[in-house]
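*Asks:* Below you'll find the structure I mean.
No lab work stands behind these numbers, since they all come straight from the coordinates. Worth saying up front: this structure is predicted, and the values here are computed from it rather than measured.
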Amino acid sequence: MGKGDKRSRKGKIWKGSYGVSRKRKKSQGAFVPKVKKAAPKKAAAEETAVAAEVKPKKAPAKKAAPKKKAEPKKSEE
């Protein structure tokens, strides 16, 4: 298995081909800068802040107490 073998990695490098034994590197797409969104208006931000303050918080749910095992009856003999 050397340079003349098309199926080996070394042979594909020598031949300059690609395949199962020699994968190509995935190329990255073109660089696209992120578009910045416009800042929200101050009035809208204040409304959401007021609405958040008005909502009462719920208490966490209570877990059920573990059941006690019944003790065996004692005989009075």
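*Asks:* Mind checking which lysines have their C-alpha under 19 Å from residue 26, skipping anything on the same chain fewer than 8 residues away?
*Replies:* Residue 26 reaches 12.
*Asks:* Shifting gears a bit: Report the full-extension gain for the segment residue 57 to residue 31: residue separation times 0.36 nm, less the Cα-Cα distance, to one decimal in nm. Don't skip to the end; give the middle numbers.
*Replies:* Details: separation 26, 0.36 × 26 = 9.36 nm, distance 4.47 nm.
Once the chain is fully extended between residue 57 and residue 31, it gains 4.9 nm.
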